[in-house]
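The values are calculated or read from the model by the stated rules, or taken from the named source; none is laboratory data. In this text the structure is predicted, and so the values were computed from the model without any measurement. Positions of Cβ are generated from backbone atoms using ideal geometry, with glycine treated the same way; all protein chains shown enter the neighbour counts.
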Amino acid sequence: MKYVVLLLTLLLLLPSCATQDVCDDDNQSYMVTKFKTIEDDGLIGDTILSGMTIYGIREGKADSLIYDSISMSKAVLPLDPNNDITRFVLSNGISMDTVILTHSSEVYLINYTCGFGSRFSLEQYTSAWDWILELELREGKIDAELDTDEEHLWIYF
Amino acid sequence: MRSISGYIFSGLLLLCLLPSVYGQDTLRTYGPRIGINLAPFVGFFTDPQVLGAEASLDFELFPNLYPVFELGYSSMADSIDEVSYHSGGGYARLGIDYNFLDLKDRSQHHAITAGFRYGSSIFSHRAENITVESDYWGDYFIDSYENTLNGHWIELVGGITAEVAKNFFIGWSVRYKILLNPDMDPQMVPLLIPGYGDGSLNRVFGFSYSVLYKIPIIKK
């Protein structure tokens, strides 16, 4: 009997070690694009474009603006987890172009409180018209845990 | 930390009490010792519930050296924010314990041991009803994700075993476990690696509380 009591006492002493994650993050995956220009002296410089409007081409859905007529030097754009291609239309009211991105993605667990997100791998990137001169890949891996100073794609105008 | 010192205190108390339990006996017996680890049954009362069972086999092959083999199974299921998760499988550990008590003090087979284990688990885990949020493009759903995995770890083990009746023992141990392949599934960290614990932690503490019976084959 003594040992039964002892055993129960020991079992009650067990450490409870539950980990509790707190989720205050956005689970969506964003591609950070930076606007660039080639100066007269041939150096690459940042550029600010005014009146910029950006939206994604969503099959079977009404267009919805991500940015609406604002001045900006970079754009943070959500990638489509449902498809292998994401297309964005960029316009400044005068010129217009479409960026076409081909990617693969896999679902992964961010943590057990936040749930799942997509981890994208950019495979091809091109623009449809002439306004955008060039696209330069800086970082092809895009996941839901966005590093604030990360830049994925440079867009040259 | 308080609970660990609680263990040590209770264990030492047990050892002090024991010599009065039965008479001194200079005849020593040897043989394989089988044990049931009662610690996994605590999982019945935790949230989420972890179901499991574990048995052990050891033998004093050389004086004070006990090769140990442990075999077990555990599984769990939990629902976290719409995702239902399941993990389960078997595991085995192989290692050795060294008894610090002097041989001459051991007419009974009490032991204060330190040792190590190598552990391996083959298990599968699965999540259902997965949603990847996208406000702009629309949420992406998949029915399930499943993967079969093989986890490896090592354990540093300290314990006390007391012979409470002839050939019957109780023993407890505290284990410090080091996961060798924490990136076994880059898409989904296992919530339970059977025999190890939470796969999101590279180091965990564990414990065992066992009742054991030694089959007295050899008498000296």
| Considering the stretch A:63-85 alone, what residues qualify as being more than 12 Å from chain B (Cβ to nearest Cβ) and either of a type in the set (A, V, I, L, M, F, W, C) or in contact with a Cys (Cβ under 8 Å, 6 or more places away or on another chain) (or both)? | A:ILE70, A:MET72, A:ALA75
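Filter the stretch A:69-106 down to residues that are farther than 21 Å from A:GLU59 by Cβ and under 16 Å from the mean Cα position of the chain (by Cα) and give me whichever is surrounded by the fewest Cβ atoms within 10 Å (Cβ to Cβ).
Here the residue is A:GLU106.
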| said: Which count do you get for residues in the stretch A:107-145 that are within 14 Å of chain B (Cβ to nearest Cβ) and not acidic (Asp, Glu)? | reply: 18
| query | Applying the selection to the stretch B:172-198, what residues are touching a strand residue (DSSP E or B) at 6+ places or on another chain (Cβ under 7 Å), part of a loop (DSSP other than H, G, I, E, B) and away from chain A (no Cβ under 11 Å)? | reply | B:LEU180, B:ASN181, B:MET184, B:LEU192, B:PRO194, B:GLY195, B:TYR196
| field | Whichever residue in the stretch B:150-172 is without any contact (Cβ under 8 Å) to a residue 60 or more places away in the chain and surrounded by fewer than 20 Cβ atoms within 10 Å (Cβ to Cβ) and, among such residues, is nearest to A:ASN83 (Cα to Cα) | value | B:ASN150
| field | Of the criteria (1) buried (at least 20 other Cβ atoms within 10 Å of the Cβ); (2) modelled with pLDDT of 95 or more; (3) more than 14 Å from the chain's Cα centre (by Cα), which one B:SER121 fails | value | (3)
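If I filter the stretch A:41-62 down to residues being assigned to a loop (DSSP other than H, G, I, E, B) and within 22 Å of A:GLU134 (Cβ to Cβ), which single residue comes out as nearest to the chain's Cα centre (by Cα)? Walk me through it before giving the result.
Here is the first cut: in the stretch A:41-62, the ones assigned to a loop (DSSP other than H, G, I, E, B) are A:41-43, A:47-48, A:57-62.
Those left that are additionally within 22 Å of A:GLU134 (Cβ to Cβ): A:41-43, A:47-48, A:57.
Working: A:ASP41: 33, A:GLY42: 30, A:LEU43: 28, A:THR47: 21, A:ILE48: 21, A:ILE57: 16 Å.
Ranking the candidates gives A:ILE57 first.
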| Which number in (1) farther than 30 Å from A:ASP26 by Cα; (2) within 14 Å of another protein chain (Cβ to nearest Cβ) marks the one condition that B:TYR136 misses? | (1)
| message | For the stretch B:79-96, which positions are in contact (Cβ under 8 Å) with a residue 24 or more places away in the chain, at the interface with chain A (Cβ under 8 Å from one of its Cβ atoms) and either in a strand (DSSP E or B) or closer than 12 Å to B:LEU191 by Cβ (or both)? | response | B:VAL83, B:TYR85
| request: Would you please name the residue that is nearest to A:ASN27 (Cα to Cα), looking only at residues in the stretch B:139-154 that are aliphatic (A, V, I, L, M) and either more than 14 Å from every other protein chain (Cβ to nearest Cβ) or more than 28 Å from the chain's Cα centre (by Cα) (or both)? | output: B:ILE142
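Filter the stretch A:7-45 for residues that are of a type in the set (A, V, I, L, M, F, W, C) and modelled with pLDDT of 55 or more and give the result. Before you say what the answer is, go through the steps one by one.
First, the residues of the stretch A:7-45 that are of a type in the set (A, V, I, L, M, F, W, C): A:7-8, A:10-14, A:17-18, A:22-23, A:31-32, A:35, A:38, A:43-44.
If the condition is that a residue be of a type in the set (A, V, I, L, M, F, W, C) and modelled with pLDDT of 55 or more, then A:VAL22, A:CYS23, A:MET31, A:VAL32, A:PHE35, A:ILE38, A:LEU43, A:ILE44 are the ones that fit.
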| said: Filter the stretch A:128-157 down to the residues that are crowded, with 17+ Cβ neighbours inside 10 Å and of a type in the set (Gly, Ala, Ser) and list them by number. | reply: A:ALA144
| said: Looking at A:ILE48 and the list (1) within 11 Å of chain B (Cβ to nearest Cβ); (2) modelled with pLDDT of 80 or more; (3) exposed (fewer than 14 other Cβ atoms within 10 Å of the Cβ), which single condition is not satisfied? | reply: (1)
| remark: Of the residues in the stretch A:107-117, those that are assigned to a strand (DSSP E or B) and either at pLDDT 95 or above or surrounded by fewer than 18 Cβ atoms within 10 Å (Cβ to Cβ) (or both) come to A:ASN111
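How many residues does the stretch B:120-171 contain that are acidic (Asp, Glu) and in a strand (DSSP E or B)?
Initially, the stretch B:120-171 is screened for residues acidic (Asp, Glu), giving B:128, B:133, B:135, B:139, B:143, B:146, B:155, B:163.
Okay, now just the ones that are also in a strand (DSSP E or B), so B:128, B:143, B:146, B:155, B:163.
Of the residues in the stretch B:120-171, 5 are acidic (Asp, Glu) and in a strand (DSSP E or B).
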